[in-house]
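Following: one structure in C-alpha cells, then a few remarks.
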Amino acid sequence: MDANARPRRIVVIGAVAAGTSAAAKARRNDEEAEIVLYERDRHISYSGCGMPYYIGGLLSDFKEIVPRDAAYFKKKYNVDVRIRHEVVSVDPEAYTLTVKNLETGETFGDRYDTLVLATGAMPVILPVPGVEGDHVFPLRNPTHALGIRGFLEQRHPKSAVVIGSGFIGLEMVENLAHAGLAVSLVEKLPHVCPFVDPDLSPYVLEALEQHGVTVRTRLSASAIRPGEVELEDGSTLPGDLVILAVGIRPETGLARAMGVALGANGAIQVDESMRTNLPDVYACGDCAENVSIVDRRRFYRPLGSTANKTGRICGDVITGGPLVHRGVAGTGIFRVFDRAVAATGLNEREARATGRDVVVSHNIKPDRPDYLGGREMVIKTIADRADGTLLGVQIVGFEGVDKRIDVLVTAMTAGLKAADLFHLDLAYAPPFATTKDPVHYTGMILENALSRGRELLGGDQLAAAGEGVYTVVDTRVPAQYEAGHVPGAINLPQEQVREALAGLDRNKPIVTYCNKGVTGNAVQNILLNNGFKRVYTLSGGFRQFQSCRVAAGKLNCKDAARRIVEDEAVRPALQKDGR
Ligand SMILES: Cc1cc2nc3c(=O)[nH]c(=O)nc-3n(C[C@H](O)[C@H](O)[C@H](O)COP(=O)(O)OP(=O)(O)OC[C@H]3O[C@@H](n4cnc5c(N)ncnc54)[C@H](O)[C@@H]3O)c2cc1C
C-alpha cells in the first residue's frame with residue numbers, strides 16, 4: 001500500500017493520565033488514525049491520587065481508582081492499549097520502535113508517524129541498607145498500592161514509618177493513622193512539608209502532633225530492618241511497615257537514549273505545543289517539563305492536573321487542533337488530617353531569587369463567621385512591590401482552602417494585581433465565608449502595604465534584626481501580653497496609644513502587633529497619622545511570629561500555642577476597651 005494512503009499511526013508510550021488523555025483527544029479529532037498505546041504495567045488510566053485513600057480504607061473497592069481497562073478504550077475510542085508491553089528502544093530517524101511483551105518475553109518491531117512520550121515519573125528509592133525488605137514500599141502505581149493494602153490486611157502491622165514529608169508522604173501519614181497504625185514521619189530537611197515555606201510549616205507540624213504522629217526532622221534513615229528504622233543519629237523508630245516518599249524523577253531513560261533533549265530539571269524539553277526537539281515526537285505529563293505562568297521559567301512540577309491537561313493538548317496538536325499550553329502556576333492542594341494545605345506560584349525564596357522587591361503578607365482569618373464554627377486559615381501571599389503582581393500564594397487551613405487558592409490562582413492567571421482582589425465580587429453567606437472574604441483581606445493588606453505605606457515586617461525579619469533595632473509595641477490587653485510576647489516588646493494596648501505618643505522615640509522604627517494583625521494595623525494607622533515615619537506591622541501578628549520561632553527551632557508547637565491567648569478568652573476586657 002502507498003505509504004501516503006495508509007492511515008496515520010500514532011503511538012503513545014505510557015497509559016496513565018497523560019497518555020490516555022492524549023489518545024482520547026486524538027481520537028475525538030481524528031476518526032481515521034491508528035492509535036496504539038504501549039504500557040508496561042498491567043493497570044491503565046488509574047487515579048494515582050486516590051491510592052492513599054484506598055490504602056487507608058476510605059475506599060473498599062480497588063476498581064474505584066482503576067475504573068477503565070484496555071477493552072474500555074477499544075470500545076469507546078477504538079484505541080489499542082497493549083498492557084505489559086514495554087517500549088525498549090526508538091529509532092527516531094527510521095520512525096520505528098522495539099517493543100517487549102513482558103508476559104511472553106517476545107520482542108517485536110513497530111512503526112509510528114507520530115510518537116507521544118507519556119512515560120511519567122518513577123519514585124526515588126532511598127539508597128539505605130534494608131530498603132529491599134518486603135515491608136518497604138514506595139507509592140507510585142496500583143501495584144504498590146495493592147502491595148501496601150495487602151500488607152496491612154495480611155500482616156497487621158502496628159507501626160509505620162513514612163520517610164519524606166512531601167504531599168504523598170503526608171497523605172500516607174493520615175491514611176495509615178486512619179488505618180490504626182502508630183505513625184512516625186522522618187524528614188531530612190529542618191521543616192516538614194517542603195510544599196510550603198518554613199514559616200507555614202509549623203501549622204502542618206501542629207496537625208501532625210495533634211494527631212499523635214511522631215515527627216523527626218533534620219534526619220534521614222540510615223538503615224531499615226524488620227520492625228524498625230534506624231536514623232542517622234542512631235535512634236530508632238518502630239516500623240512494621242515503611243513507606244518511601246522521598247520524591248520522584250521524570251522517567252526519561254528511553255527519551256534520552258533516542259536523542260530527545262532534556263531540560264536542566266531532567267524532564268523532557270517541550271514547546272507550547274508539547275513538541276520535543278525531534279520531528280514528530282511529543283511529550284506530555286510527568287515526563288515533561290513545565291513553564292511557569294509567573295515568570296516563564298522552565299520548571300518541573302509533576303501533577304495529575306497538569307498531566308491530564310498536557311495530554312489533551314498533545315492529543316489535539318497531533319491531530320491538527322489549535323490548543324497550546326499556556327504554562328502552569330504549579331498549583332497543588334492536599335489534606336493532612338483536618339488541615340488543607342495549598343500552594344501556587346513562587347515561594348518566598350524563589351520570588352526573592354528573581355531579584356524583585358517583594359512584599360510578603362500573612363493573613364490569618366476565619367473561613368466563615370465564628371458563630372457558624374469558622375476556623376482560621378493563614379494565607380501567605382507574595383507580591384511584586386513594583387506593580388502589585390501576585391507571584392505566589394500558600395494557604396493552610398481547615399475548610400475553604402480550595403476555594404481561596406483557586407480564586408487567587410485565577411487572579412494570578414488573569415494578571416490581576418493585589419489592588420484588584422478587594423474588588424472581586426465573591427459569593428457570601430455565613431455558611432461559606434465572612435462578609436469580607438479572606439481573599440478580600442489579603443488584597444487589603446497587600447494594597448495597604450504597597451500603596452498606603454502600611455508596611456509589613458516578617459516575624460523572621462524581626463527576629464533576625466535582634467532586640468533594640470525596633471521599638472516593638474504589643475497592642476493587646478495585658479493578659480495576652482503576659483502570656484507571651486515578642487522579646488523586648490512594650491505593652492501599649494490600643495486605647496492607650498494616643499496618650500503615649502509623646503513617650504515613643506520618633507527616630508527609631510516601630511513595629512506594632514496584636515495576635516493576628518488587625519489591632520496591630522490599627523495602631524500602625526494611629527502612629528502614621530500622627531507623623532511617625534517608619535512604622536511596620538508584624539505580618540500575621542504574634543501568631544505568625546510564634547510560627548517563625550517554631551520554624552527556627554526555638555519553640556515547640558505546644559508552647560507556641562500556649563502563649564497565645566485568643567481574643568475570645570479576653571473578650572470582656574476587649575469589650576470594655578471598645579474593641
Ligand atoms: C500517591 C499519589 C498521590 C497523588 N495525588 C495527586 C493529587 O492529589 N493531585 C495531583 O494533581 N497529582 C497527584 N499525583 C500525581 C499524579 O498521579 C501524576 O502526576 C500522574 O499520574 C502523572 O501521569 P502521567 O501519565 O504523566 O505519568 P504516570 O502516571 O507516571 O504514567 C506513566 C506510565 O508510563 C509507563 N511507561 C514508562 N516507560 C514506559 C515504556 N518504556 N514502555 C511502556 N510503558 C512505559 C509507566 O509504566 C507508567 O504507567 C499523585 C501521585 C501519587 C503517586
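Summary table below
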quantity: Of all accessible heavy-atom area on region 279-367, the percent that carbon and sulfur account for (1.4 Å); calculated: 50
quantity: Cα-only radius of gyration and Dmax that characterise region 376-515, units Å; calculated: 17.5, 48
quantity: Largest-first ellipsoid semi-axes for region 439-578, taking √(5λ) over the Cα gyration tensor eigenvalues, angstrom; calculated: 21, 18, 16
quantity: Dmax and Rg, reported as Rg then Dmax, of region 12-85 (C-alpha, Å); calculated: 13.2, 44
quantity: Å² of accessible area per residue within region 440-561, as computed with a 1.4 Å probe and no ligands counted; calculated: 41
quantity: Under 18 Å from residue 74, Cα to Cα: aspartates and glutamates that are on another chain or at least 8 residues apart; calculated: 30, 31, 32, 34, 39, 41
quantity: Along principal axes, Cα extents of region 57-164, largest first, whole Å; calculated: 54, 37, 27
quantity: Set 188/365; 158/554; 188/516; 309/403 screened for pairs whose C-alpha atoms are more than 27 Å apart; calculated: 188/365; 158/554; 188/516
quantity: Alpha carbon convex hull of region 103-214, volume per residue in cubic angstrom; calculated: 168
quantity: Helix 167-178 vs. the chain, principal-axis angle (Cα, 0 to 90°, nearest 10); calculated: 80
quantity: Calculated on alpha-carbon atoms, Rg and Dmax of region 371-443 in Å; calculated: 12.1, 40
quantity: Kirkwood-based Rg to Rh ratio, region 306-370, C-alpha trace; calculated: 1.14
quantity: For peptides 331-337, 183-189, 107-113, sequence by mean Cβ density within 10 Å, most packed first; calculated: 183-189, 331-337, 107-113
quantity: Heavy-atom accessible surface of region 387-546: percent carbon and sulfur, 1.4 Å; calculated: 52
quantity: Listed residue (424, 459, 434) projecting farthest to the positive dipole end of region 419-460, Cβ model; calculated: 434
quantity: Protection-proxy order for peptides 428-435, 204-211, each taking the mean of Cβ atoms within 10 Å per residue, highest first; calculated: 204-211, 428-435
quantity: Cα centroid separation, region 388-428 to region 522-543 (Å); calculated: 25
quantity: Check: region 402-491 dipole with +1 on Lys, Arg Cβ and -1 on Asp, Glu Cβ, in debye; calculated: 180
quantity: Hull volume in cubic angstrom per residue (convex hull over the Cα atoms of region 335-388); calculated: 89
quantity: Tilt relative to the chain, helix 438-451 - C-alpha long axis, 0 to 90 degrees, to 10; calculated: 70
quantity: For region 156-280, radius of gyration divided by Kirkwood radius, i.e. Rg to Rh on alpha-carbons; calculated: 1.13
quantity: Over 47 Å [Cα-Cα, the chain], rounded percent; calculated: 22
quantity: Given charges at Cβ of Lys, Arg, Asp, Glu: region 160-319 dipole, positive-most of 177, 305, 291; calculated: 291
quantity: Only Lys, Arg (+1) and Asp, Glu (-1) charged, at Cβ; region 465-579 dipole about Cα centre in debye; calculated: 260
quantity: Karplus (6.51, -1.76, 1.60) ³J(HN,Hα), θ = phi - 60°, over region 361-368, in Hz, Gly and Pro reported as x; calculated: 10, 10, 10, 10, 9, x, 6, 7
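The values are calculated or read from the model by the stated rules, or taken from the named source; none is laboratory data. Please read all numbers here as calculations on a predicted model, not as lab measurements. Note that we place each Cβ from the backbone using ideal geometry, even for glycine, and neighbour counts take in every protein chain shown. Heavy atoms of the whole protein, side chains included, go into the accessibility calculation; ligands, DNA and RNA do not. Shrake-Rupley method; radii C 1.70, N 1.55, O 1.52, S 1.80 Å.
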